[in-house]
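Below you'll find the structure, written out as C-alpha cells, and then a few comments.
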Amino acid sequence: MTAWLKDRAAIVGIGQTEFSKASGRTELQLACEAVKAALDDAGLRPSDVDGLVTFTMDTSDEIEVARNLGIPHLSMFSRIPYGGGAAAGTVLHAAMAVATGVADVVVCYRAFNERSGFRFGDTGSVLGGGLPLWLSWYAPYGLLTPASWVALHARRYMHTYGVTNEHFGAIAVVDRHHAATNPDAWFYQRPITLADHQASRWIVEPVLRLLDCCQESDGGAALVITTADRARDLAHRPALITAAAQGAGGDGEMMTSYYRDDLTGLPEMGVVAQQLWKASGLRPSHITTAFLYDHFTPFVLMQLEELGFCGRGEAKDFATVENLSIGGVLPINTNGGLLGEAYLHGMNGITESVRQIRGTACNQVPDVEHILVTAGTGVPTSGLILSPSA
Amino acid sequence: MSRIEPSMSPDTAFFWEGVAQGRLLVQRCGGCDALRHPPRPMCPACNSLAWDPYETTGRGQVYSFVMPRHPRYPGFDDPHIAVLVELEEGLRLVSNLGEVEPEDVTIGMPVEVFYATFEGGIVLPQFRPAAPT
C-alpha cells in the first residue's frame with residue numbers, strides 16, 4: 001500500500017446492538033439495527049448510502065440490508081474473506097471506494113448469532129455433511145476447533161521463547177479489568193485475577209485455559225465511512241483513516257499454517273504491520289492505545305512482536321498487566337476486547353477506537369493521537385491506524 | 001473407536017490410498033523434485049503440474065504437540081495427543097501420538113509412523129516414540 005489513502009477517508013458513524021448470548025432475533029435484523037444505528041450516529045440517511053461492505057461469512061445479503069433500510073441503489077459492494085481477519089479490511093475497501101469517488105458513503109457491517117445460532121467449531125455440523133477438504137488433515141486427529149488449531153501453533157512459540165500459560169494470563173486480566181467498567185460488556189463488573197485465570201480449566205493443554213479463549217456472542221456492529229472532506233460537516237469528530245491494510249503471508253492456510261519455516265510469528269500480521277507503518281509514517285511509539293484482536297491470548301503476544309512493540313521473544317516480558325492497562329505504555333482493548341466485551345469478529349474494536357478518538361469511551365485514554373486496530377490472527381488479516389487529526 | 005472420515009479430491013486421494021496400504025506418501029514435483037505436503041496441484045517452486053507419489057521413511061520428530069481437552073469427542077482418549085511431526089524429509093504433517101503418556105513427550109523427540117484402523121474401516125497414520133537414528 002502506498003500512502004495515497006492517508007487521511008482521505010474517515011469513520012463518521014458507529015452503531016451496535018446489545019451484545020448477548022441469545023439475541024432472540026435474526027442475523028438480518030441485527031445487521032439492519034446496527035446499520036441504522038450507525039447512520040443515525042453519523043447524522044446521515046439511508047438514501048445517502050451507496051456502498052456496503054461485509055464479511056464473506058456474514059449471512060445478511062447486501063441487497064436485503066439495502067431493501068430493509070430503504071437504500072435506493074448501491075454502486076459498490078464487496079466482501080472480505082477469512083473470518084475475523086476481515087474486520088479492518090472492510091474499512092480499507094470502504095476507504096478506497098470513497099477516496100476514489102466510486103462511492104460517497106459506505107457502510108461496513110457484521111452481525112451474527114454466533115452463540116445462539118451457528119457456533120464456530122460446532123462439530124455437529126461438521127460431522128453431518130462430510131469434512132471440507134482442508135479440515136481432512138486435522139479433524140480426524142481431534143483438531144476440530146479454532147482453539148485447537150491456534151494452540152498447536154502457539155505451543156511451538158512457547159517452546160522457542162520459554163513462554164508459559166501464565167504469561168498469557170496478563171492479557172485476560174487486562175481485558176476483563178477493562179470490561180468490568182464498560183456497561184456494554186458481557187463481563188461488566190466481573191473482573192478476574194491471574195489466580196482465576198490459572199484456576200480455569202484446560203481447553204487445549206498446555207496452551208489455552210478457558211480464560212484464554214474469547215467468548216461467543218450474538219450481536220451486530222456497523223461503521224459509516226465517507227471522505228475526510230465530507231466528514232468535516234458531520235455530527236462527530238471524524239476518525240481519520242491514517243492507514244489501512246490487508247495481509248496474507250506465503251504458504252498459509254486459514255488457521256492451520258503449520259508448514260512455514262518457523263511457527264513463532266504471524267506473517268500475515270507482519271505484512272499488515274509493514275504497510276501500516278510505511279503508509280502512515282508512524283512508529284509503534286506513536287500509538288496511544290491499541291485494539292489487538294484477542295480471540296486467543298497467545299496470539300496477542302505474537303502480535304506485539306509482529307507489530308514491533310517489542311522484539312521477537314520479548315512479548316512475555318512486555319505484556320504485563322501494568323504495561324497494557326490504562327496508564328501503561330500501551331493500553332489495549334479498553335472496551336474489554338473479545339474476551340471481555342463481546343466476540344463481534346473484531347468490529348467492536350473499531351467502534352471502540354472511534355469512541356476513543358471522540359473522547360467518549362467508558363475507559364477513556366487521555367490525549368489520543370493515533371490508534372492501532374488489528375483484525376483476526378492466524379488467518380489472512382487486516383489492520384488500521386486511526387487518528388483524530390491529520 | 002470412531003474417527004471422522006477424511007474427504008478426498010483428485011489432488012489428495014493418493015495420500016489416503018497410500019495410508020490404506022501402510023505407506024506414507026507425499027508429492028514429488030516432476031519439474032524440480034521438490035517434495036510437498038499437504039497435496040496440491042502446482043509446485044510453488046517451479047509451477048510444474050507434474051508430480052508423482054514419493055514414499056517417506058515415516059520417521060521424524062515432534063515439532064509441536066497439544067492435548068485438546070474440551071470439547072470432548074467420541075473416539076478419542078482423554079487426554080489424547082495431537083502432534084505436528086517434522087518428517088526426515090523436511091515436511092510436516094499433523095497426526096496423533098500413541099503408545100506414550102503425555103508427560104513423557106518432548107518437542108524434538110524422535111517418532112515413527114504406524115497405522116491404526118478405526119470404526120468403519122477408516123485408516124489413519126499415527127505416530128509413536130522411536131529410537132534415535
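FYI, it's all coordinate maths here, none of it is from the lab. Predicted model only: the values in this text are computed from it and were never measured. Here Cβ is always computed from backbone atoms with ideal geometry, including for glycine, and neighbour counts include all displayed protein chains.
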Structure-based [θ]222 nm, chain A - -39500 (n - 2.57) summed over DSSP H runs of at least 4, per residue, nearest 500:
-9500 deg cm²/dmol
Kirkwood Rh and Cα-based Rg: tell me the resulting Rg over Rh for the stretch A:24-138, rounded to two decimals.
1.04
Summed side-chain charge close to A:SER325 - residues other than A:SER325 whose Cβ falls under 12 Å, Lys, Arg +1, Asp, Glu -1
-1
Please order A:CYS310, A:CYS32 by the number of other Cβ within 10 Å, starting at the fewest.
A:CYS310, A:CYS32
Using alpha-carbon positions, what is the distance between the centroids of the stretch A:83-103 and the stretch A:10-24, in Å?
19
Which longest uninterrupted range of chain A lacks any trypsin sites (Lys or Arg not before Pro) assigned by DSSP to a loop state (not H, G, I, E or B) and surrounded by at most 16 other Cβ atoms within 10 Å?
A:26-118
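Explain nothing, just the number: relative contact order of the stretch B:13-129, from Cα pairs under 8 Å at least 6 residues apart, as a whole percent. Working shown, then result.
Details: 223 pairs, mean separation 25.7, N = 117.
Normalised by residue count, the contact order of the stretch B:13-129 is 22 percent.
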Chain A - share of DSSP beta bridges that are antiparallel (%, nearest 5)
75
In the protein assembly as shown, taking the dipole from +1 charges on Lys and Arg beta carbons and -1 charges on Asp and Glu beta carbons about the Cα centre, the listed residue (A:MET254, A:PRO46, A:GLY117) farthest towards the positive end is A:PRO46
Taking one equal scatterer on every alpha-carbon of the stretch A:72-176, how large is log10 of I(q)/I(0) by Debye at q = 0.11, 0.18, 0.20 1/Å?
-0.62, -1.06, -1.11
What distance in nm separates the simple spin-label points at A:ARG201 and A:SER285, each placed 7 Å from Cα in the Cβ direction?
4.8
Computed E for B:PHE118/A:ASP122 - FRET, C-beta separation, R0 25 angstrom, nearest 0.05
0.70
Candidates A:VAL174, A:VAL150, A:VAL329: whichever shows maximal mean-square fluctuation once chain A is modelled as a Gaussian network with Cα springs under 10 Å
A:VAL329
In nm², what is the average projected area of the convex hull enclosing the Cα atoms of the stretch A:1-77?
6.5
At 7 Å along Cα-to-Cβ for each site, give me the label-to-label distance between B:ARG40 and B:GLU99 in nm.
3.3
If you keep only loop residues by DSSP, which trypsin sites (Lys or Arg not before Pro) in the stretch B:25-120 have at most 15 other Cβ atoms within 10 Å of their Cβ?
B:ARG72
Charge dipole (debye, nearest 20) of the protein assembly as shown; +1 at Cβ of Lys and Arg, -1 at Cβ of Asp and Glu:
660
Where the Cα atoms of chain A are projected onto their three principal axes, how long is each span, largest first, in whole Å?
53, 49, 42
Place +1 on the Cβ of every Lys and Arg and -1 on the Cβ of every Asp and Glu in the protein assembly as shown, take the dipole about the Cα centre, and give the residue among B:PHE114, B:GLN126, A:GLY383 whose Cα lies farthest towards its positive end.
A:GLY383
Three principal axis lengths of the stretch B:13-129 [C-alpha, angstrom, descending]
44, 33, 24
Just give me a number: lysine pairs in the protein assembly as shown, eight or more positions apart or cross-chain, with C-alpha atoms less than 29 Å apart.
4
